[in-house]
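Below is one structure, written out as structure tokens; comments come after it.
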């Protein structure tokens, strides 16, 4: 059986000190494809020590030196892109186009960081003082399973550009993808100890990282519950914290929207990445005067989102990542039925012809109100709740009536009107008549969707501390 390398410390892959193992199961067919031996407390302490030692010189490196490292990491990922796409499909179940897009984004993230760093004023004059932006120190990076390579890239690239050293703790459910990215970083020839990885149980690894006074920065992407736990623990050693957490994004279709364009976009926003996306637009808000039109279009467009094995079929939705995730979605679909929502499309059970793997039916509920459980909780699967509203003010109120505030969407025939609505939404990012991604613009959330921002200049700021020099 393939053994995944789980520990990279001080410039080389090493055998983990830990002995606990986990089987890596492919969601395509439920079969074991690899085994991971978990890193443990001793591995984590070694990684912290290596990062701390490397920080002394790396924090003093020049922008030109750091740019060369970022360039080389990009080049190495591009060399491995086909294998990374294949691994993403096998390990995660992503549709091929999604796997290709997300991994190319991972590569270009390192490249994009170069102009951000080169244009950044690391020294500036403020009144009579000189302000110097210094690397924050050793950064512990926690990355999720639903965007393994991309999340690693956005955190590692910003940390390296700022002059920080890194201890990466990837999700064990994305361990094969993390291994490839780490092999690319190793091949790029960074100084020993600048980037380290320990892949193991979250409770074991995080305890060591959170208690260490040598770790001065935490950047976490994952659930709101875990993010809050880490934030509380960070106070004990005054670690700086960036949290990119959950979402329950509202997608407002205004009265004047072109439904023939808005509804396909809405389904893409909801079902992207097999529905396993914190930014998914899972609450679709539509004018009650147009609800009948919307229902017809949803029924007509939903069959375009075919479900199947992304390795063998040209599909838009692959399997969910695990049996646990499959069961979770089935429970939420049943909750929606029990709450009295109208099942417009999909439902309980596997798609027709599916016997192995963790495939679910993309599901659409109408007649939903914003107090229902399916409208308030992050389901993390291809389940869309359609909520009707009377006027624009009510649509904004419904959209903002959520503990989350990561992403929102607005569709309208009037771009200025859409922007005015967008300005009233409590969300870190609002997409207007589009599903575009801007890698240089800040990404992060309001409320329980997180603290701080990633991407671009503001993302790099999260790894810097200002020092004021007064002469």
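FYI, it's all coordinate maths here, none of it is from the lab. Here the structure is a predicted model, which is why all the values come from computation and not from measurement. Reconstructed Cβ throughout: ideal geometry from the backbone, glycine too, with neighbour counts over all protein chains shown.
Computed over every Cα-Cα pair of the range 163-320 and binned at 5 Å starting from 0, the pair-distance distribution P(r) comes out as 1, 7, 12, 14, 13, 12, 11, 10, 8, 7, 4, 1, 0 percent. Computed from the Cα positions only, the extents of the range 124-178 along the three principal axes stand at 51, 17, 12 Å, in decreasing order.
The fraction of all Cα pairs in the range 250-440 landing in successive 10 Å bins from 0 to the largest distance is 10, 39, 36, 13, 2, given as whole percents. In the range 250-440, the DSSP beta bridges split such that about 15 percent are antiparallel, to the nearest 5.
Using C-alpha pairs under 8 Å with a sequence gap of at least 6, the mean separation divided by the residue count of the range 58-123 gives a relative contact order of 45 percent. Length gained on full extension, residue 373 to residue 75, computed as 0.36 nm times the residue gap minus the Cα-Cα distance: 102.7 nm.
Restricting the calculation to Cα atoms, the chain shows an Rg/Rh of 0.98 when the hydrodynamic-style radius is the Kirkwood one.
Over the C-alpha trace of the range 88-209, radius of gyration and Dmax come out as 16.3, 58 angstrom. Here the simple spin-label model places points 7 Å from the Cα toward Cβ, and for residue 313 and residue 56 these points are separated by 5.8 nm.
When the inverse distances between all different Cα atoms of the range 346-418 are averaged and flipped, the Kirkwood radius reads 14.7 angstrom.
With R₀ fixed at 30 Å, the C-beta to C-beta distance from residue 225 to residue 339 puts the FRET efficiency at about 0.85. With no solvent and one point on each alpha carbon, what is the Debye value of log10 I(q)/I(0) for the range 180-268 at q = 0.13, 0.14, 0.20 Å⁻¹? Debye output, listed in q order: -0.67, -0.71, -1.00. Relative contact order of the chain, taken over Cα pairs closer than 8 Å and 6 or more residues apart, is 18 percent. Directionally averaged projected area (the range 228-290, Cα convex hull): 6.1 nm².
Short-range pairs are left out: with C-alpha atoms under 8 Å and at least six residues apart, the relative contact order of the range 106-161 is 50 percent. Spin-label model, residue 232/residue 306: points 7 Å from Cα along the beta carbon direction are separated by 4.8 nm.
Would you please classify the overall shape of the range 44-86 from the alpha carbon gyration tensor, given that a ≥ b ≥ c denote the square roots of the eigenvalues, rounded means a/c under 1.5, and beyond that prolate means a/b larger than b/c while oblate covers the rest? Since a/c reaches 1.5 but b/c is at least a/b, the shape of the range 44-86 is classed as oblate. Helix 291-301 axis versus longest C-alpha principal axis of the chain: approximately 70°, rounded to the nearest ten.
Using a Förster distance of 30 Å, how high is the FRET efficiency between residue 68 and residue 468, based on the Cβ-Cβ distance and rounded to 0.05? Computed FRET efficiency for residue 68 and residue 468 comes out at 0.50. Taken along its principal axes, the alpha carbon cloud of the range 291-336 reaches lengths of 36, 31, 9 Å, longest axis first. For the peptides 28-37, 279-288, the ranking by packing is 279-288, 28-37, with the highest mean count of neighbouring Cβ atoms within 10 Å listed first.
Annotation: the antiparallel percentage among DSSP beta bridges lying fully within the chain is about 40. For the listed peptides 317-327, 335-345, a ranking on the average number of other beta carbons within 10 Å per residue, highest first, reads 317-327, 335-345. Each peptide in 294-305, 364-375, 156-167 gets a packing score, the mean of other Cβ atoms within 10 Å over its residues, and the list from highest to lowest is 156-167, 364-375, 294-305.
DSSP beta bridges confined to the range 330-471 are antiparallel in about 45 percent of cases.
Can you give the angle from 0 to 90° between the axis of helix 148-162 and the longest principal axis of the chain, with both taken from C-alpha atoms, to the nearest 10? With rounding to tens, the tilt is 40 degrees.
Helix 224-234 axis versus longest C-alpha principal axis of the chain: approximately 30°, rounded to the nearest ten.
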